[in-house]
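Notes to accompany the following structure.
What follows is calculated from the coordinates using simple rules that are stated; it is not laboratory data. Just so it is clear, the structure is predicted and the values come from calculations on it, not from any experiment. Cβ sites come from the backbone with ideal geometry, for glycine too, and all protein chains shown count toward neighbours.
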Amino acid sequence: MTKICCIGAGYVGGPTMAVIAHKCPSIEVAVVDISVARITAWNSDQLPIYEPGLDEVVKQCRGKNLFFSTDVEKHVSEADIIFVSVNTPTKTRGLGAGKAADLTYWESAARMIADVSKSDKIVVEKSTVPVKTAEAIERILMHNSKGINFQILSNPEFLAEGTAIQDLFGPDRVLIGGRETTEGQKAIQALKAVYAHWVPEERIICTNLWSAELSKLAANAFLAQRISSVNAMSALCEATGADVSQVSHAVGKDTRIGPKFLNASVGFGGSCFQKDILNLVYICECNGLTEVANYWKQVIKVNDYQKNRFVNRVVSSMFNTVSGKKIAILGFAFKKDTGDTRETPAIDVCNGLLGDKACLSIYDPQVTEDQIQRDLSMKKFDWDHPVHLQPMSPTSVKQVTVVWDAYEAAKDAHGLCILTEWDEFKTLDYQRIFDNMQKPAFVFDGRNVVNVEKLREIGFIVYSIGKPLDPWLKDMPAMA
Ligand code: NAI
């Protein structure tokens, strides 16, 4: 029986391995992690991450051919194929700080693999890594190998949180990069055989190592760039009276462009886009490609601009001050159908409003109070380290309360900001919300979920990103 071990039981390691176990009953899959809390949760009824469909897949295989364990060394030494899906945060100190990927966790995983291995292994990069990482990993493994043969493959993950199970069941493509040697090609075939249990052959792309590594960074950069492009348009729409939904619909109908990823919003978030673009920028700079680096940097700058613009709209509409005013925040996760808050635009928007001394009442259907308090007081990039290395639960931010109901959040508030596109925000009773708010009552829709006309009829002053402005906002500066 083939044995697979995955190091890192996070948003990628957990769901991908659960799906492999589900689709390949003949393969035994062990997911290991240094975080005891995470493994305990994977073995309980309350999984550590929220992902539609994940519970069923895990419950069907757990204890049969899917195991979660903290006994990292045992499972690594027994495995034929080892996936490494550990954190690859942005470096905060030293060479490349603020841009380069911190490969500390990757390197320690590679050294441990070399230490405990007694038989030949295929080591698969599942984490997103800088191009050429495989070379460094190869060197670590070879120099500590005691005669064991290691083949390194790059098999970046393209799942999107919120639709991870659907994406894993029917991926657009699976990408496998390997060495162009006979052993390298054999390793590619071995991994291909795993995916071939359910992925049609024409969707499995095999390339060299560097193309596979770079394709993942390129794919995320292209996706983020589409969001920044439509967000840049949203600012122009507000200035001209065009409606960004109409513009992106018309643009997206062009089959060369396509309709996806053209929704204007308060900005992109998630653990990957910013990190991977910063990483790409750093690699370009290291290769002397300043213009290319600056091109991609602009995608992040527009994203920051969009978040600032939103905060400024809120403050300037509300008589240029939100000091002491209650503002309801609906949605904190970086997108709907996930509880993940890593790099969520809500952090920057909330911090911007807190900087102007607002009192925030936050509601998100999937995010806990502890997580929100952590996020609002954590230093940039600290979130992307294993939980046990993160700062302990911080002293809570006093002007923030977290509630479990949108109506409670909005009660007596002066303004309401929608920061995640949860479906339930579309069907709230906005009349009831209006009746219980201070007047004038403002809605700032950062995700274009509300029916602007209806809300204006109720009496709200509404700002919706990229939509024709409410007369109230017309002569107010969008940026200070
Ligand atoms: P995560 O933070 O949820 O999970 C990583 C896990 O690795 C943590 O539980 C941590 O405790 C564990 N870990 C770290 N060092 C370890 C070690 N030496 N031994 C055992 N366990 C160790 O991260 P996530 O989101 O799963 O991402 C992992 C990688 O996948 C990153 O490189 C990310 O860029 C990439 N990725 C993430 C996607 C996402 O949607 N979250 C999508 C595609 C790729």
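For residue 145, project a label point 7 Å along Cα to C-beta. Then give me every residue of the stretch 100-117 with its amide nitrogen under 14 Å of that point.
Inside the label zone: 114-115, 117.
Run the numbers for residue 218 and residue 37: contour at 0.36 nm per residue of separation, minus the present Cα-Cα distance, in nm.
Stretched out fully, the residue 218 to residue 37 stretch lengthens by 61.8 nm.
Show me the trypsin sites (Lys or Arg not before Pro) within the stretch 246-275 that DSSP assigns to loop and that have at most 13 other Cβ atoms within 10 Å of their Cβ.
Here the sparse-neighbourhood loop sites are 253, 256, 260.
How high is the FRET efficiency between residue 78 and residue 166 when r is their beta carbon distance and R₀ equals 35 Å, given to the nearest 0.05?
Result of the calculation: an efficiency of 0.65.
Please state the charge dipole magnitude for the chain, taken about the Cα centre, from unit charges on C-beta atoms (+1 on K and R, -1 on D and E), reported in debye and rounded to the nearest 20.
Dipole of the chain, to the nearest 20 debye: 640 debye.
So if each residue of separation counts as 0.36 nm, and I subtract the Cα-Cα distance between residue 475 and residue 396, what length gain in nm does that give?
Difference between extended and current length: 24.7 nm.
Taking amide hydrogens as modeled 1.01 Å from N in the peptide plane, which residues meet the under 5 Å criterion relative to residue 329, leaving out close sequence neighbours?
361, 362, 363, 417
Considering only 352, 455, 373, whose Cα is most displaced toward the positive end of the charge dipole of the stretch 328-473, charges sitting on Cβ of Lys, Arg (+1) and Asp, Glu (-1)?
352
Can you list the chymotrypsin sites (Phe, Trp or Tyr not before Pro) in the stretch 399-480 that are in a DSSP coil and have 16 or fewer other beta carbons within 10 angstrom?
404
Given the C-alpha atoms of the stretch 57-142, compute the convex hull and give its volume per residue in Å³.
Cα convex hull per residue, to the nearest whole number: 127 Å³.
Quick one: grab the alpha carbon gyration tensor of the stretch 191-310, order the square roots of its eigenvalues as a ≥ b ≥ c, and give me rounded if a/c is under 1.5, else prolate or oblate depending on whether a/b is larger than b/c.
Because a/c hits 1.5 or more and a/b fails to exceed b/c, the stretch 191-310 counts as oblate.
For the stretch 286-327 and the stretch 216-276, what is the centre-to-centre distance using only Cα atoms, to the nearest Å?
Centre-to-centre (Cα) distance: 15 Å.
Could you tell me how far the Cα centroid of the stretch 140-213 sits from the Cα centroid of the stretch 72-92, in Å?
Their Cα centres are 15 Å away from one another.
Per residue of the stretch 74-81, in order, report the coupling 6.51 cos²θ - 1.76 cosθ + 1.60 (Karplus, θ = phi - 60°) as ³J(HN,Hα) in whole Hz, putting x for Gly and Pro.
4, 5, 5, 5, 7, 7, 8, 10
Would you please name the GluC sites (Glu not before Pro) within the stretch 122-226 that are DSSP coil residues with at most 14 other C-beta atoms within 10 Å of their C-beta?
Listed in order of number, the matching sites are 180.
Among 476, 362, 182, whose Cα lies farthest out toward the positive end of the dipole of the chain, if unit charges sit on the beta carbon of Lys, Arg (+1) and Asp, Glu (-1)?
After comparing all options, I get 476.
For the stretch 414-480, rounded, prolate or oblate, judged on the Cα gyration tensor with a ≥ b ≥ c (square roots of eigenvalues), a/c < 1.5 rounded, else prolate if a/b > b/c?
oblate
Along the Cα-to-Cβ line of residue 26, 7 Å from the Cα, sits a label point; which residues in the stretch 184-205 have backbone N less than 17 Å from it?
189-201
Quick check: pseudo-label points 7 Å beyond the Cα along Cα→Cβ at residue 251 and residue 158, how many nm apart are they?
Taking the two extended label points, one gets 2.3 nm.
Provide, for q = 0.09 Å⁻¹, the log10 of I(q)/I(0) from a solvent-free Debye sum over equal Cα point scatterers in the chain.
-0.65
How large is the helix-only mean residue ellipticity at 222 nm for the chain, computed as the sum of -39500 (n - 2.57) over DSSP H runs with n ≥ 4, divided by its residue count, in deg cm²/dmol to the nearest 500?
Calculated mean residue ellipticity at 222 nm is -12500 deg cm²/dmol.
Where a Cα-Cα gap under 20 Å defines reach, which lysines qualify for residue 64, not counting those fewer than 8 residues away within the same chain?
Hits, sequence-local ones excluded: 3, 23, 74.
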